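The values are calculated or read from the model by the stated rules, or taken from the named source; none is laboratory data. In this text, all values refer to a predicted model and were calculated from it rather than measured experimentally. Cβ coordinates were reconstructed from backbone atoms using ideal geometry, including for glycine residues, and neighbour counts include every protein chain displayed.
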Amino acid sequence: MELSIDTSTRFASVAISRRGETVAELTWRSERNHSVELVPAIRELTARAGIEIRGLEAIFIARGPGGFSALRVGMSTAKAMAASLAIPLVAVGTLDLEVAPYLGLGYPVCGVIGAGRTRVYVGGYGIGEEPKYDVVSTEEFLSTVQPDHLYCGEGVHELASELRQRLGDGLLIADVPPPTRRAGAMAAMAYLKLQAGEVEDALTSEPLYLRSSQVNMANKTWLKTDI
């Protein structure tokens, strides 16, 4: 059994899975209460699934980008559990989770997550190309939208009206109200990474904070997922 944790944004999600297939899941709007709500949610989830914490065989974590404090809560909890139980820790990029349902449709995909009042995290997934990640102002993002790209993610819902004004009938948009990510969906992706031996060091793994000077390093070190 595996435990998946996603505290990347104001929406949090946890899931119990068996070989990547969801057994139980909780997703809720946590706002800034991740540090208070995460552990009780995990306890409720394991009770619902009828397992004990010591019965877990792996921990899966969404590593970001996202809110600084929110990511720290999720990552520190995941690391502590993986280290204390001596089980593997697997990390999945939050933008990778956002775009996963839309890859393979024949369009370049752009995942968007809010990064504060005036900025957004952007992940560009071109067909046959390596993903590219950035953090830009909202206006800069809106000025670069293209009619042949599909836009998705938690941030897209908040910018839907502006996107429609820019692209009109040429808009390809997944305007899905948040939460747009589920820990159960992450479990399937992370389990493939676990099978491939792509695990984290539970003592040194850190969240991905995609900020200015970190962008170049992030583009080189972001963990690839089989999606």
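So is TYR151 surrounded by 23 or more Cβ atoms within 10 Å (Cβ to Cβ), over 19 Å from GLU2 (Cα atoms), of a type outside the set (A, V, I, L, M) and not assigned by TED's automatic domain parsing to the domain that holds ALA196 or not? It would help to see each step written out before you state the result.
Working: surrounded by 23 or more Cβ atoms within 10 Å (Cβ to Cβ): yes; over 19 Å from GLU2 (Cα atoms): yes; of a type outside the set (A, V, I, L, M): yes; not assigned by TED's automatic domain parsing to the domain that holds ALA196: yes.
When the stated conditions are applied, TYR151 passes them.
Of these, VAL109, VAL120, VAL92, which one is over 23 Å from PHE60 (Cβ atoms) and either crowded, with 17+ Cβ neighbours inside 10 Å or modelled with pLDDT of 95 or more (or both)?
Unique residue meeting the criteria: VAL120.
Filter the stretch 85-118 for residues that are part of a helix (DSSP H, G or I) and either in contact with a Cys (Cβ under 8 Å, 6 or more places away or on another chain) or free of Cβ contacts under 8 Å to residues at least 60 places away in the same chain (or both) and give the result.
Keep residues of the stretch 85-118 that are part of a helix (DSSP H, G or I), which gives 85, 94-102.
If the condition is that a residue be part of a helix (DSSP H, G or I) and either in contact with a Cys (Cβ under 8 Å, 6 or more places away or on another chain) or free of Cβ contacts under 8 Å to residues at least 60 places away in the same chain (or both), then LEU85, LEU95, GLU98, VAL99, PRO101, TYR102 are the ones that fit.
Can you tell me how many residues within the stretch 26-48 are touching a residue at least 12 places away in the same chain (Cβ under 8 Å) and not in a helix (DSSP H, G or I)?
Of the stretch 26-48, the ones touching a residue at least 12 places away in the same chain (Cβ under 8 Å) are 26-32, 34-35, 37-39, 41-42, 44-46, 48.
In the following step, the residues that additionally are not in a helix (DSSP H, G or I) were identified as 26-32.
Looking only at that region, the number is 7.
Conditions: (1) surrounded by fewer than 20 Cβ atoms within 10 Å (Cβ to Cβ); (2) in a helix (DSSP H, G or I). MET75 meets all but one. Number of the miss?
Of everything listed in (1) surrounded by fewer than 20 Cβ atoms within 10 Å (Cβ to Cβ); (2) in a helix (DSSP H, G or I), MET75 misses just condition (1).
Among the candidates ARG29, ARG54, ARG19, single out the residue that is charged (D, E, K, R) and in contact with a Leu (Cβ under 8 Å, 6 or more places away or on another chain).
ARG54
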